[in-house]
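Here is the structure we will look at.
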């Protein structure tokens, strides 16, 4: 049976607006624009027969997933494996004020070179994040659901896509990627918005 996954990034958050790195911090909340992006995502998902929304437990993803779940009248559950990367000491730092060493690490996070495995001090490595997110996706592949939506975060989604050999450097806030799993392979279908 073919499984449809609609993976979306949380709407714009207060940290996005302030230009801050946000890993697993729970201080960041959706802005008015972020709420609009979540409502827009719900519009694109309304005819996709979503059976369940699985969300990161972080506030910005929970808010996004909850808005969409209400609009679709769909159940929501939480899975910490879809949380954003643990960025350690860089979490909450203003991106354009990062020290040179931290900027280099951030650039490595955006690299598709599989030989790099960046990690901020006290944080999670890129490989650890990839293993965590792909483990969660595998469990949902094995679930009884056929049409699954996932509310997650930029680094987490990018790593999941790269594990499927789908090149993407950045997810926009509220962006939805439609993937299919046919029992053997992942396939990128389209970006919905």
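Annotations for the structure displayed:
- In the chain, the longest principal axis of the Cα atoms and the axis of helix 59-72 are about 20 degrees apart.
- Spherically averaged projected area of the convex hull of Cα atoms, the range 94-149: 5.6 nm².
- Dimensions (Å) - the range 9-77, Cα atoms, principal axes, largest first: 35, 21, 13
- 222 nm mean residue ellipticity, helices alone, for the chain (DSSP H n ≥ 4; -39,500 (n - 2.57); rounded to 500): -11000 deg cm²/dmol
- By the equivalent-ellipsoid construction on the alpha carbon gyration tensor, the range 78-178 comes out with semi-axes of 25, 13, 13 Å, ordered largest to smallest.
- As an equivalent ellipsoid, the chain spans semi-axes of 26, 20, 13 angstrom, where each value is the square root of five times an eigenvalue of the C-alpha gyration tensor, largest first.
- Between helix 100-109 and the chain: long-axis angle, C-alpha atoms, 0 to 90°, nearest 10: 20 degrees
- Principal-axis tilt of helix 154-163 within the chain, Cα atoms, nearest 10 degrees: 70 degrees
Taken together, the values in this text are just the output of simple stated rules run on the coordinates, not laboratory data. What you see is a predicted model; the values in this text were computed from it and never measured.
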